[in-house]
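A short worksheet on the structure shown next.
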Amino acid sequence: MKSIQKLIYYILLATTFIGFTSCSDYLDVSGELSEDLDIDKVFENAQYTKRWYANTFNCIPDYGDTGDARASTNPWAVLSGEITHNVSQARNTMAQGFNAANAGFHRWGELYEYIRQMQIFLDRAKPIGNSSDQSYLSEAEVNRMKAEMNYLMAYSYFLLFELYGPVPLVKDYQRDPYERVDYPRASVDETVNYIDSLLNVVITTDGLPNDTPTSDLKEMLRPSKSAAITLRARLAIYAASPLFNGGFPEALKVQNPDGKKLFPEYNANKWVIAKQRIKDAIDFTEAQGRKLYYRYQNDGSTPNPDQSIYWLFQEYNDEIIWAGTRSSYSGEWNTEPMTTPRDIYNSWGSIGATQETVDAFFMNNGLSINDPGSGYKEDGFTNIINPCNENRHNDKNIFNMYANREPRFYSAVAYQGKSWHIQPNGNADYAIDYSKGGGADNSVMDHCRTGYMIYKLKNRTILFTGNNTRVWRRPMILFRLADLYLYYAEACNEIDPSDPDIIKYLDLIRKRAGIPGYQEMANNGLKNIIGDQEKQRLAIYQERQIEFFLEGQRYFDVHRWMVCGPGQWADQSKISGMNMDGFKDKPIGSPTSYFKRTVLENRAWRKAMYLYPIPQNEIMKSKVMVQNPLWEAE
């Protein structure tokens, strides 16, 4: 008898779907129907078919959720050293290290289950009923839904690829879900080509619209050709990057039992392909009206960098190519209170930015903190107007480290002495205090560890008291145009460092951020990196680190670049912060001062971590599955 037990296997008991109906209602049926409902009947009913379809969108991670770090959210910000999280299971992962048997943030099983569900939909879904029927599914709807299944299958494989590298390609689902089939891993090139072929189908056929309007939240998460061509561009630059393109010597030795090598030697042409894919994506998405998001001063023509950076993440706008309609950052019990000091109503402030993140932000003159002439200092205190405060509060006695920084810094980091966007407790001079005895100190578990809290993504009207806003529906951005601009600069630099598009696209991002571009700095004799491949490469790295802080990208960027070792650009062997065991009134840099750079965690980084280990249980039960490099000896 085909029972609800087998149906549950197909439906996967998924989590609540972002922006669509949850499939949990699908299982909430009478006992009589539960006994009678099987896979064939699902696809004879329009509503059940739509719910099956909606459930597949649960493959999409919520990078806005750093509050409950799971593989389907954003533990990657913790694992890459962007932030710390004092109460997350990700907290000690990099300090303790992990092996192939106990790695805790797998995408493997869940995504392959969704891929199977997508394949079943593609095989079984069909038009149902007539337009006059209450339960109706038209041929046009089915065609679009099937195109979306191909897109989501490509996206799911991409999510596997960016974490594990080459993976098994399950192109035909088994009719019997309990039949054991042993699939070997495909090679990098086979994996990339298969994902690319799925995307090519949805780009070149009529199933998807060219774009989804940001004004229609019911449509926003549904993929478009703009999303598909952007994903294709991201896939291509990953394939060209060192991790997947000959830069990992130990990976070149990995092969299947039949002798097939899984990782390729370096191929310079992959950068050429990436450049073209990215330019295609820029041209296509701009033709649909995508553009960098700006807000302006009262004169309507002068850009306002602070407001541009802030509102980019608060409303659906024309920079967004693909986004979710619900972010777990929002709400009184999600990430929001974890990024608010605990001495502010109903908050506990357990997520912090690392010193490495703070140091990455530029000065307001466009220079890095270590550049000659930057004006950066750590020798005293000053007053700073807080652009995030509703009254632009004059914050007093602020450490010079935080003075004269770029607008993205103030929008992203809550540092010692900063006022809040709405002053709490009726205290017009409220200031965040992480030092010993302060309202956000480390005397209890609820603290940020680093002496900084993250501020990016926060809505500046939220305060959990009175008539203030408590929930804000902000977008959960997956793809935006700025991403393509920096990808394009990266690809151009790897092909020809003299290409003027490198500086052009870097400077477009910096212009919106309100800081001088590299061309302007070169013209003024302040700094000149133009034409120097290594300097331009590092500039692109730094720009991506800042621009996409907390957006779920840094972990995968620094891994694909292979720059994580001790002493390298994105050194993953330690994280630092201020000295939360110190006092704010002690001399700067002294052992008892809060204002002292402090190593918080020596991390168990090793080269194997460039690729996540294939789940050990998959290796053990397979005769053909091989482990990623440097994990196999465990």
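The values are calculated or read from the model by the stated rules, or taken from the named source; none is laboratory data. Since the structure is predicted, the reported quantities are computational estimates derived from the model, not experimental observations. In this analysis, Cβ positions are derived from the backbone assuming ideal geometry, glycine residues included, and neighbour counts consider all displayed protein chains.
Side notes on the structure shown:
- Hey, Asn99 buried (at least 17 other Cβ atoms within 10 Å of the Cβ), over 24 Å from Val181 (Cα atoms) and either in contact (Cβ under 8 Å) with a residue 12 or more places away in the chain or not β-branched (Val, Ile, Thr) (or both) or not: no
- Evaluation of Thr214 against (1) within 21 Å of the chain's Cα centre (by Cα); (2) at pLDDT 95 or above; (3) assigned to a loop (DSSP other than H, G, I, E, B) (one fails), failing number: (2)
- Residue in segment 71-87 that is nearest to the chain's Cα centre (by Cα), counting only those that are buried (at least 22 other Cβ atoms within 10 Å of the Cβ) and either over 25 Å from Trp569 (Cα atoms) or among the hydroxyl-bearing types (Ser, Thr, Tyr) (or both): Thr73
- Within segment 73-117, the set of residues being in contact with an Asp or Glu (Cβ under 9 Å, 6 or more places away or on another chain) and assigned to a helix (DSSP H, G or I) comprises Trp76, Ala77, Met94, Ala95, Trp108, Gly109.
- Condition check for Tyr53: farther than 28 Å from Arg449 by Cβ, buried (at least 17 other Cβ atoms within 10 Å of the Cβ) and touching a helix residue (DSSP H, G or I) at 6+ places or on another chain (Cβ under 8 Å): yes
- Hits in segment 490-526 (condition: within 19 Å of Phe361 (Cα to Cα) and of a type in the set (A, V, I, L, M)): Ile503, Leu506, Leu508, Ile509, Ala513, Ile515, Met521, Leu526
- Restricting segment 453-494 to residues that are assigned to a loop (DSSP other than H, G, I, E, B) and among the aromatic types (Phe, Trp, Tyr), the residue that is farthest from the chain's Cα centre (by Cα): Phe464
- None of Pro407, Pro341 is surrounded by 20 or more Cβ atoms within 10 Å (Cβ to Cβ) and in contact with a helix residue (DSSP H, G or I) (Cβ under 6 Å, 6 or more places away or on another chain) except Pro407.
- For segment 342-447, the strands (runs of 3 or more DSSP E) that sit wholly inside it and include 1 or more residues that are over 27 Å from Ser80 (Cα atoms) and either in contact with an Asp or Glu (Cβ under 7 Å, 6 or more places away or on another chain) or of a type in the set (Phe, Trp, Tyr) (or both) are 381-385.
- Qualifying residues in segment 76-128 (those that are hydroxyl-bearing (Ser, Thr, Tyr) and under 19 Å from His447 (Cα atoms)) - the one modelled with the lowest pLDDT: Ser88
- Residue within segment 345-356 that is surrounded by fewer than 20 Cβ atoms within 10 Å (Cβ to Cβ), at pLDDT 95 or above and either of a type in the set (Lys, Arg) or in contact with a Phe, Trp or Tyr (Cβ under 6 Å, 6 or more places away or on another chain) (or both) present: no
- If you check Lys270, Lys275 for being basic (Lys, Arg), without any contact (Cβ under 8 Å) to a residue 60 or more places away in the chain and on the phi < 0 side of the Ramachandran plot, only one passes: Lys270.
- Residue in segment 243-251 that is among the small types (Gly, Ala, Ser), in contact with a Gly (Cβ under 9 Å, 6 or more places away or on another chain), surrounded by fewer than 24 Cβ atoms within 10 Å (Cβ to Cβ) and in a helix (DSSP H, G or I) present: yes
- Test for Asn579: is it touching a residue at least 40 places away in the same chain (Cβ under 8 Å), part of a loop (DSSP other than H, G, I, E, B) and either charged (D, E, K, R) or farther than 30 Å from Ile432 by Cα (or both): no
Conditions (1) acidic (Asp, Glu); (2) over 26 Å from Trp605 (Cβ atoms); (3) not in a loop (DSSP other than H, G, I, E, B), marked per residue:
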position	(1), (2), (3)
Met521	no, yes, yes
Lys527	no, yes, no
Gln536	no, yes, yes
Ile540	no, no, yes
Glu543	yes, no, yes
Phe549	no, no, no
Arg560	no, no, yes
Cys564	no, no, no
Gln568	no, no, no
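- Residue within segment 414-431 that is of a type in the set (S, T, N, Q), crowded, with 21+ Cβ neighbours inside 10 Å and modelled with pLDDT of 95 or more present: yes
- Scope segment 343-369; condition among the hydroxyl-bearing types (Ser, Thr, Tyr) and under 30 Å from Leu526 (Cα atoms); matching residues: Thr354, Thr357, Ser368
- Selection over segment 464-515 of residues that are among the small types (Gly, Ala, Ser) and closer than 17 Å to Ala233 by Cβ gives a count of 3.
- Filter pass, Asp371 being more than 28 Å from Ala440 (Cα to Cα) and within 22 Å of the chain's Cα centre (by Cα): no
- For segment 146-160, the criterion of being touching an Asp or Glu at 6+ places or on another chain (Cβ under 9 Å), at pLDDT 95 or above, crowded, with 22+ Cβ neighbours inside 10 Å and assigned to a loop (DSSP other than H, G, I, E, B) is satisfied by no residue at all.
- Screening Tyr310 on (1) more than 30 Å from Arg232 (Cβ to Cβ); (2) part of a loop (DSSP other than H, G, I, E, B) shows it passes everything except condition (2).
- Residue within segment 484-504 that is at pLDDT 95 or above and touching a Pro at 6+ places or on another chain (Cβ under 7 Å) present: no
- Scanning segment 465-474 turns up no residue that is buried (at least 19 other Cβ atoms within 10 Å of the Cβ) and either touching a strand residue (DSSP E or B) at 6+ places or on another chain (Cβ under 9 Å) or not charged (D, E, K, R) (or both).
- Segment 369-408, residues that are more than 26 Å from Leu457 (Cα to Cα) and charged (D, E, K, R): Asp371, Lys377, Glu378, Asp379
- Against the conditions (1) touching a strand residue (DSSP E or B) at 6+ places or on another chain (Cβ under 7 Å); (2) touching a residue at least 60 places away in the same chain (Cβ under 8 Å), Tyr296 satisfies every one except (2).
- Exactly one residue among Asp557, Asp499, Asp532, Asp585 is under 21 Å from the mean Cα position of the chain (by Cα) and without any contact (Cβ under 8 Å) to a residue 40 or more places away in the chain, and that residue is Asp557.
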